[in-house]
Amino acid sequence: MGWGTELWDQYDVLDKHTQSGLDLVERYVKFVKERTEIEQNYAKQLRNLTKKYTPKRGSKEEQECRFANQQAFVEILNEMNDYAGQREVIAETMMLSICLELTKYLQDLKQERKTCLSEAKKAQQTLESSCKHLDNTKKRFEREWREAEKANQNAEKADQDTNATKADVEKARMQAHARTHTAEECRNDYAAELQKYNKEQNQFYFTDIPQIFSKLQEVEEQRVRKLAEGYVSFADTEKRVMPIIGKCLEGITKAGNHSYSHAENDSVLLIEQHKSGFERPGDVEFEDYSHGINRASSESSLGTLKGKPADLLSKNKAKLWPFSKKKHAVSEDFAHLPPEQRRKKLQQKMDEISKELQKEVDQSQALEKMKDVYEKNPQMGDAGSLEPQISQTAHNVERLQGEMHKYESWLIEAGGRAEIRHGFSNNNSHNTSSPGSTRSHEEKTDSPQAIYEFDDDFEDEEAFAPIGQCTALYNFEGSSEGTIPMREGEVFAVVEEDKGDGWTRVQNSSGDEGYIPTSYVRISPRM
């Protein structure tokens, strides 16, 4: 059963039905667009939420991240950030695969429908025009035949009239013959026109209209199938990211379990971080006031005790309780602190100086390169204008080197060992002297302020030091610039963590570096 055979006379019905189908496609596209807006707003709110609770660099929360429960919360924030990225993927995919595709298809569909209905309308107008011409031919034949009959009757009357002359009779016969001949011609025209009309009508109802309406039916059925694909894609889009969302939720569960199993480790870490190294105070000696104060024994105890017994406990309360908040005079070498705390403070200060020193060295190298460019290309700038900055940078480097040497000496005095944790090493110390100085390379190398005995692990500044490993969960083509392809199960070394944009910089086994989607890999916890 088809529209061309069963609905050949229902042009208006088909017009309304197909128009309703177009309206449904437009409604669905609008529905999906609003859904994508919801997903995008949801993802944006999740990202803002994770950013709000993510510890800031150098903040107290970041310092506390050495504990397992703090690390677990950071992992949860990272997983939620990845989860937000998957919601954005859903919105983007729906917009591309449903909204844009259906919108483009809708334009073609409207054009095809318009063409079909226009052809049907044109065929119907042609048939109506032919029918009107047939009706005019029929009326003309009817009119001429009546005139011929009337002329024949007049001729017979003239022939029977005794008063009519022979000329009158002949004239009446000639008129009757002419009218009859004209009526015969009209009859033949009417018969030919009727035959033509019947042929056109048969062509219209049995060929043209069935073909046009059948094509319109195919267009409508294709619309239904295309819209059904859009319905399925609506669900498949979210199904495709469900495994990754599941990985995010698994990561949250894993972070919670890790925090649960490392509760004792956090306690041990707190002890190692804050233990003072002092021995707990011994028993307080008894002093018998009934036999006088033993000066020697009192001097060997907590201190010279004077005054009433009720005042003695309050005066020595700070000594009896080591956790009292007694303020000490703060010295630059932290000598006022217990040994363990002093070593930690000195090492922390050296780390800060190392950061500043590396920054100044980088700036010095950049200025030297810029100066070299200006000297080779004077039109780009004046090389002499950089001398004040170069001199200031060299001065800062020498100052920081002196401070580093000073704190290193104090750390060795406190029983520790200097450790540079931020990438600055003695290999680049020859670059830390004044770039504008005329001293030779040997003089720079021999400078006592340019040599430090740091850990062997930091002798090579350019040595690759991965911060972790990750395993690919899915395939990734890596066709965009700056990305790197990967295959499921492939292991990478993590070079740079995700900064919140959904990409992690890694290095493969061949030494190639690039970015990969963070949600496509499982990052191993740091050891």
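Tabulated data for the structure shown
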item	result
For Ile484, residues with placed amide H under 5 Å, excluding near neighbours	Tyr515
For Asn475, residues with placed amide H under 5 Å, excluding near neighbours	Glu488
Under the Karplus curve 6.51 cos²θ - 1.76 cosθ + 1.60, θ = phi - 60°, whole-Hz ³J(HN,Hα) for the stretch 239-252, x wherever Gly or Pro sits	4, 5, 9, 4, x, 5, 4, x, 5, 4, 5, 5, x, 5
Between the stretch 374-399 and the stretch 193-247, the alpha-carbon center distance in angstrom	73 Å
Assigned charges on the beta-carbon of Lys, Arg, Asp, Glu; the stretch 155-282 dipole about Cα centre (debye)	280 debye
Neighbour cut-off at most 16 other Cβ (10 Å), DSSP loop, trypsin sites (Lys or Arg not before Pro), the stretch 213-289	Lys275
Ser479 paired with Asp108, simple spin-label distance in nm, labels 7 Å along Cα-to-beta-carbon	2.0 nm
The stretch 145-211: trypsin sites (Lys or Arg not before Pro) in DSSP loop, at most 11 other beta carbons within 10 Å	none
Cα centroid of the stretch 464-527 to Cα centroid of the stretch 146-178, whole Å	113 Å
Ile271 accessible area, 1.4 Å probe, all protein chains in place, Å² to nearest 10	100 Å²
DSSP-loop trypsin sites (Lys or Arg not before Pro) across the stretch 358-417, with at most 13 other Cβ within 10 angstrom	Arg417
Å² of accessible area per residue within the stretch 8-156, as computed with a 1.4 Å probe and no ligands counted	65 Å²
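The values are calculated or read from the model by the stated rules, or taken from the named source; none is laboratory data. These numbers come from a predicted model, not from an experiment. We place every Cβ from the backbone using ideal geometry, glycine too, and count neighbours over all the protein chains shown. Accessible surface areas use protein heavy atoms only, side chains included; no ligands, DNA or RNA. Shrake-Rupley method; radii C 1.70, N 1.55, O 1.52, S 1.80 Å.
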